[in-house]
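Each value in this text was obtained by applying a stated rule to the coordinates, not by laboratory testing. For clarity, every value in this text was computed on a predicted model and none was experimentally measured. No Cβ is skipped: glycine too gets one built from the backbone with ideal geometry, and neighbour counts run over all protein chains shown.
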Amino acid sequence: MLQRLDLRGRTLSLRELRDGLPRAQFDVDAALSDVEPICDEVRRGGAEALRELAERFDGVRPEHLRVPADVLAAALAGLDPNVRRALEVCIERVRTVHADQARDDVTTTVTDGATVTERWIPVDRVGLYVPGGRAVYPSSVVMNVVPAQIAGVGSLAVASPPQRENVGHLAGYPHPTILAACALVGVEEVYAMGGAQAIAGFAYGFTDGDDTCEPVSLVTGPGNIYVAAAKRLLKGVIGIDAEAGPTEIAILADASADAEFVAADLISQAEHDPLAASVLVTDDAALADRVVDAVARRAAVTKHSERVIEALTGTQSAIVLVDDLDTGLAVVNAYAAEHLEIMTADPQRVAARVRNAGAIFVGAYAPVSLGDYAAGSNHVLPTGGCACHSSGLSVQSFLRGVHVVDYSRAALADVADHIVTLAQAEDLPAHGEAVTARFASAGEF
């Protein structure tokens, strides 16, 4: 079921590894031509355009885009008690972990009378996107909202696609479990809008009767290729967290790994999407054989078998055979997976050598699904190899570091000659004159 890529006996450069490793085909540029007219419709048509686009793409026309408070309350009241408790545990643990990410202002005294303070200022208003396609993701509500709240963002709005299956008081609104999760974390501003049009709605704002959605400064949250394309198109109008691509897991394993655990984890990621990537990197061919057998057996009986098999047989998924764990580490660092599991005899030591991954799961009892729901870590992570330069969503995603420069007259005078010298070296004499003008009356310069 899984293709094999045999790198044993080969020494590959970083470029060759990046070019040769399996990766999902996800052409955001190609989607831009589809997304641009959608975003323009929203910019020009506002709420009415959003309703028309929902009818076109989601099969339902919301009467009101903003979800009323009583609908949020009813969704929470109707939530399965077990699901509610699970979400409460998720919220508690995510808050615990993310509380330690809060930043304090720091003042550095450069010299007497000269300070630079780095202030951490939350973004004023954020739009948080929660997908609603093949699966329902109340956990993504938690992962987006909690770090924004801890950062001190004063204005939060959530968007999720309206569900055509909803009836009664839920008709035209997002999935009730999404609404219940919003109520649990205290979000009162929730909109029935999905896809590229939701990103545009957040970017431009709109008025719908008595309700006004003010433009946001930042949009976060995963989505499909059209959401990613809208983020790319509107970047600059809004800030974005990332252009999320198909989800991916890499597992670095040796002979000590349990093949059943490995197979279960590869399948769990493939369950998301036919484009999901599941990659095993191992120096043990016998383990690879056992994993192939376990995957075939488990994939045949899992609920979303067709989707799983399509993902596992796709070009983006593979078993990569290497000579040893050192080579395996080079491979996973080049791949820079969204999720990386380490299943080796000494997983802590091996994990300490990983440099590129969205999140690292150490040992046999830290599956990716733990991070999806209850580890306390964030599951909004960089995909497509972007973990080599980007981080997952965190409190810092919603903060801006602003330097506050406070110099006295004497402190400026102490460095004035150097400013003038550098200004002249760059042929920007007025820069230097902006300094010397402050001392002209005293004839000091």
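Sorting Leu2, Leu321 on the 10 Å Cβ count, fewest up front, what's the list?
Starting with the residue having the fewest Cβ neighbours, the order is Leu321, Leu2.
Can you sort Thr436, Thr107, Thr220, Thr344 from fewest to most other Cβ atoms within 10 Å of each residue's own Cβ?
Going from least to most buried by this count: Thr107, Thr436, Thr344, Thr220.
Using a basic spin-label model with each label point 7 Å from the Cα along Cα→Cβ, how many nm lie between Gln25 and Asp70?
Reported label-point gap for Gln25 and Asp70 is 5.2 nm.
For Glu16 and Ala411, FRET efficiency with R0 = 51 Å and r from the beta-carbon atoms, rounded to 0.05?
That gives a FRET efficiency of 0.45.
Put a dot 7 Å past each Cα toward the Cβ at Thr111 and Ala300; how far apart are the dots in nm?
In this crude spin-label approximation the distance works out to 7.8 nm.
Compute the length gained on full extension between Gln396 and Thr421: take 0.36 nm times their separation in residues and subtract their Cα-Cα distance, giving the result in nm to one decimal.
5.3 nm
Glu63 label point, 7 Å along Cα→Cβ, cut-off 11 Å on backbone N: hits in segment 138-172?
Those under the cut-off are 168-172.
5 Å is the cut-off here: which amide hydrogens, built 1.01 Å from N in the peptide plane, fall below it relative to Val281, excluding neighbours closer than 5 in sequence?
Ile251, Leu252, Ala253, Val320
Considering the chain as a Gaussian network with a 10 Å cut-off on Cα pairs, which listed residue, Ala410, Ala181, Ala375, attains the greatest mean-square fluctuation?
Ala410
If R0 is 35 Å, what FRET efficiency do you get for His389 and Ala77 from their C-beta distance, rounded to 0.05?
Taking R0 as 35 Å, the efficiency between His389 and Ala77 is 0.20.
Mind sorting Tyr335, Tyr129 by how few other Cβ atoms lie within 10 Å of their own Cβ, fewest first?
The order, fewest Cβ neighbours first, is Tyr335, Tyr129.
Using the Cβ atoms and a cut-off under 11 Å, what net charge is assigned to the surroundings of Thr212, where Lys and Arg are +1 and Asp and Glu are -1?
-4
For Glu444 and Thr315 in the same chain, what is the full-extension length gain: residue separation times 0.36 nm, less their Cα-Cα distance, in nm?
Residue separation times 0.36 nm, minus the Cα-Cα distance, leaves 39.3 nm.
Could I have the simple spin-label model distance between Ala135 and Asp326, label points 7 Å from Cα toward Cβ, reported in nm to one decimal?
3.8 nm
Binning every alpha carbon pair distance of the chain at 10 Å from zero, what are the percents per bin?
4, 18, 25, 22, 16, 9, 4, 1, 0
Please list 60-70, 277-287 highest first by mean number of surrounding beta-carbon atoms within 10 Å per residue.
Put in order of decreasing packing, that is 277-287, 60-70.
Given R₀ = 41 Å, what would the calculated FRET efficiency be for His431 paired with Arg95, taking r from the Cβ atoms and rounding to 0.05?
0.30
Please compute the length gained on full extension between Ala285 and Asp124, using 0.36 nm multiplied by the number of residues separating them and subtracting their Cα-Cα distance.
Additional length available on full extension: 52.6 nm.
Taking the Cα centre of the chain as origin, work out the dipole magnitude from +1 charges on Lys and Arg Cβ and -1 charges on Asp and Glu Cβ, in debye rounded to 20.
500 debye
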